[in-house]
Every structure is written in C-alpha cells, then in structure tokens.
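Comments concern the structure below.
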Amino acid sequence: MLDHCPGAANLRTPTLSIKKCPQCGEEVELFSNDISVKCSNCGFVVYNDIESCVQWCKHAKECVGEEMYNKIMSMKREPVQKK
C-alpha cells in the first residue's frame, strides 16, 4: 500500500508554473499548492486551476493534511474577484 496517493504529489511537493496575468499580461509565478497570487505589476488576483483528487476523494484530508485540504476546499467556495 502506498504511503500517499500519487494524485496529490504536486500538493505535497509543489511545482512552479508561470501564468500570464489576465489584467496586464505580466508573468506571474504560481506554485501548485497556491490557491491564488497577486500580480506584482497590477495587483490583480490570479487563481490556480487546481484540479485535484482532493475535491472528491474521501481520504483526501488524511492524505494531504487538514490545512491543505481546507485551503483547497475553500477555493471552491470563494467567489472569483475581479478588479
């Protein structure tokens, strides 16, 4: 049996991705375990498109930890901010 499922690997060991700010086009660094980051150029909030088993797996809280679980699940409840 695995210690942790491979589906949550990017949450436990974050990976970096570069996104473009939809407001100004500046590059924004976003780690796989970030819910959102502010663009350093214009302040627009850029959200991470986390598609994860955490959202549906009944063992998710045990697998990734309660803090990360709550962080990801709160993202689904927050309205998207527009500037």
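Taking θ as phi - 60° and the Karplus parameters 6.51, -1.76 and 1.60, the scalar couplings of the range 22-38 work out to x, 7, 10, x, 5, 6, 10, 7, 9, 7, 4, 9, 7, 7, 7, 9, 8 Hz in sequence order, x denoting glycine and proline. Relative contact order for the range 13-77: 21 percent, from Cα pairs under 8 Å spaced at least 6 residues apart, divided by residue count.
Looking at Phe31, Tyr69, Cys21, which one has the Cα that reaches farthest to the positive end of the dipole of the range 13-77 (charges on Cβ: Lys, Arg +1; Asp, Glu -1)? About the Cα centre, the residue reaching furthest to the positive side is Tyr69.
No lab work stands behind these numbers, since they all come straight from the coordinates. The shown structure was predicted, so the numbers you read here are calculated from the model rather than taken from an experiment. Don't worry about glycine lacking a Cβ; one is built from the backbone with ideal geometry, like all the others, and counts go over all protein chains shown.
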